[in-house]
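The values are calculated or read from the model by the stated rules, or taken from the named source; none is laboratory data. This is a predicted model, so every value here is computed, not measured. Cβ atoms come from the backbone with ideal geometry, glycine included; neighbour counts cover every protein chain shown.
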Amino acid sequence: GENVEQHPSTLSVQEGDSAVIKCTYSDSASNYFPWYKQELGKRPQLIIDIRSNVGEKKDQRIAVTLNKTAKHFSLHITETQPEDSAVYFCAATIGGSASKIIFGSGTRLSIRP
Amino acid sequence: DTAVSQTPKYLVTQMGNDKSIKCEQNLGHDTMYWYKQDSKKFLKIMFSYNNKELIINETVPNRFSPKSPDKAHLNLHINSLELGDSAVYFCASSQPGSDTEAFFGQGTRLTVV
């Protein structure tokens, strides 16, 4: 069945350093890979996404890479700031009329001042 | 102008009771979901409805019964509540297809005592 694995489960980095979160997916039919950020007590919100026909996408300090052959995708946050502290979820979707969004297990990112 | 709204935000109830959580979206999306987020922050899909029809039921106990009176609403009714049902329940919606963002409601924190 479909599965998304995410590592690490917790990550602590010094403010200003970079953070990398990695995910793998099992279903080769997956073709859309969003990343969500969930702040404490809040709902998950989309921060960046990538489609299967693209290898890399960047939005300011955030970038996502996708390796379809290896079924890997990663989130990179550069120049981390205190407000980046949150739980981050990767996800993979299978399209068509039965859209299904499967989430990774989450990474709790803490930024040390 | 809330996109996905769910009520109540907090729900405290005793074991054995029956309760409902309501969800409404004004985005015109055809697909709606229920996710359960436990204390470890895992986001597990429970149900997916497309245009009022059940598409996905992820081995959820039959004490959980979703109801979709129209495509803008997906309510979750839970019978005979158990301690293990305590979690945050998120409603979400998206448009069918392979590359669309899921929008989440603010979550309902259910505590069974």
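Please enumerate the residues belonging to the range A:72-105 that are part of a loop (DSSP other than H, G, I, E, B), at pLDDT below 95 and either touching a Phe, Trp or Tyr at 6+ places or on another chain (Cβ under 8 Å) or closer than 15 Å to A:Ser12 by Cβ (or both). Steps first, answer last, please.
Taking the range A:72-105 as the starting set, the residues that turn out to be part of a loop (DSSP other than H, G, I, E, B) are A:78-81, A:85, A:95-99, A:104-105.
From the residues that got through so far, the ones that are at pLDDT below 95 too are A:95-99, A:104-105.
Of everything in the range A:72-105, those that are part of a loop (DSSP other than H, G, I, E, B), at pLDDT below 95 and either touching a Phe, Trp or Tyr at 6+ places or on another chain (Cβ under 8 Å) or closer than 15 Å to A:Ser12 by Cβ (or both) turn out to be A:Gly95, A:Gly104, A:Ser105.
Considering every residue within the range B:42-49, establish whether at least one is in contact with an Asp or Glu (Cβ under 6 Å, 6 or more places away or on another chain), farther than 18 Å from B:Val112 by Cβ and outside any loop (DSSP other than H, G, I, E, B).
Looking through the range B:42-49, at least one residue is in contact with an Asp or Glu (Cβ under 6 Å, 6 or more places away or on another chain), farther than 18 Å from B:Val112 by Cβ and outside any loop (DSSP other than H, G, I, E, B).
Would you check if A:Leu75 is of a type in the set (A, V, I, L, M) and either over 22 Å from B:Leu43 (Cβ atoms) or surrounded by fewer than 18 Cβ atoms within 10 Å (Cβ to Cβ) (or both)? Write out each step before concluding.
Values: of a type in the set (A, V, I, L, M): yes; either over 22 Å from B:Leu43 (Cβ atoms) or surrounded by fewer than 18 Cβ atoms within 10 Å (Cβ to Cβ) (or both): no.
In short, no.
Got a sec? Which of A:Arg51, A:Arg61 is within 21 Å of A:Ile102 (Cα to Cα) and surrounded by fewer than 17 Cβ atoms within 10 Å (Cβ to Cβ)? Steps first, please.
Numbers: A:Arg61 fails: within 21 Å of A:Ile102 (Cα to Cα).
Only one candidate passes the filter, namely A:Arg51.
Within the range B:31-41, how many residues turn out to be in a loop (DSSP other than H, G, I, E, B) and at the interface with chain A (Cβ under 7 Å from one of its Cβ atoms)? Please lay out each step first, then the result.
The initial filter retains those residues of the range B:31-41 that are in a loop (DSSP other than H, G, I, E, B), namely B:38-41.
In the following step, the residues that additionally are at the interface with chain A (Cβ under 7 Å from one of its Cβ atoms) were identified as B:41.
Number of matching residues: 1.
Could you tell me whether any residue of the range A:11-25 is assigned to a loop (DSSP other than H, G, I, E, B) and within 13 Å of another protein chain (Cβ to nearest Cβ)? Quick ask: steps written out before the conclusion?
Narrowing the range A:11-25 to residues assigned to a loop (DSSP other than H, G, I, E, B): A:15-18.
From the residues that got through so far, the ones that are within 13 Å of another protein chain (Cβ to nearest Cβ) too are none.
No, the range A:11-25 has no match at all.
Which pairs do you get when a residue that is in contact (Cβ under 8 Å) with a residue 12 or more places away in the chain and among the charged types (D, E, K, R), found in the range B:51-74, comes within reach of a residue that is exposed (fewer than 13 other Cβ atoms within 10 Å of the Cβ) and not in a strand (DSSP E or B), reach meaning Cβ atoms under 6 angstrom, with the pair 6+ apart or on two chains?
B:Arg63/B:Ser80
Output yes when any residue across the range B:4-25 is more than 22 Å from B:Val112 (Cβ to Cβ) and assigned to a loop (DSSP other than H, G, I, E, B), and no when none is. Don't jump to the end; show me each part of the working.
Going residue by residue through the range B:4-25, those that are more than 22 Å from B:Val112 (Cβ to Cβ) are B:4-5, B:24-25.
Next, only the ones that are assigned to a loop (DSSP other than H, G, I, E, B) stay: none.
So far as the range B:4-25 goes, no, none of its residues is more than 22 Å from B:Val112 (Cβ to Cβ) and assigned to a loop (DSSP other than H, G, I, E, B).
Looking at the range B:86-113, which of its residues are more than 14 Å from chain A (Cβ to nearest Cβ) and surrounded by fewer than 19 Cβ atoms within 10 Å (Cβ to Cβ)?
Correct list: B:Ser86, B:Thr111, B:Val113.
Residue-wise test of (1) farther than 27 Å from A:Glu2 by Cα; (2) away from chain A (no Cβ under 13 Å); (3) crowded, with 17+ Cβ neighbours inside 10 Å.
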| residue | (1), (2), (3) |
| --- | --- |
| B:Met46 | no, no, yes |
| B:Asn50 | no, no, yes |
| B:Pro66 | no, yes, yes |
| B:Leu76 | no, yes, yes |
| B:Gly84 | no, yes, no |
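Could you figure out which of (1) surrounded by 14 or more Cβ atoms within 10 Å (Cβ to Cβ); (2) at pLDDT 95 or above; (3) out of contact with any Leu (no Cβ under 9 Å at 6 or more places or on another chain) isn't true of B:Phe42?
(2)
Tally the residues that are within 19 Å of B:Ala102 (Cβ to Cβ), at pLDDT 90 or above and of a type outside the set (Gly, Ala, Ser), restricting the search to the range B:49-70. It would help to see each step written out before you state the result.
Filtering the range B:49-70 for residues within 19 Å of B:Ala102 (Cβ to Cβ) gives B:49-58, B:60, B:66, B:68.
Adding the requirement that they be at pLDDT 90 or above leaves B:66, B:68.
Imposing the further condition that a residue be of a type outside the set (Gly, Ala, Ser) reduces the set to B:66.
Of the residues in the range B:49-70, 1 are within 19 Å of B:Ala102 (Cβ to Cβ), at pLDDT 90 or above and of a type outside the set (Gly, Ala, Ser).
I need the full set of residues from the range B:52-64 which are loosely packed, with under 14 Cβ neighbours inside 10 Å, within 14 Å of chain A (Cβ to nearest Cβ) and of a type in the set (D, E, K, R), in order please.
Scanning the range B:52-64 gives a single hit, B:Glu53.
For the list (1) more than 11 Å from chain A (Cβ to nearest Cβ); (2) more than 14 Å from the chain's Cα centre (by Cα); (3) crowded, with 18+ Cβ neighbours inside 10 Å, I need the number of the one condition that B:Gly28 fails.
Unmet condition: (3).
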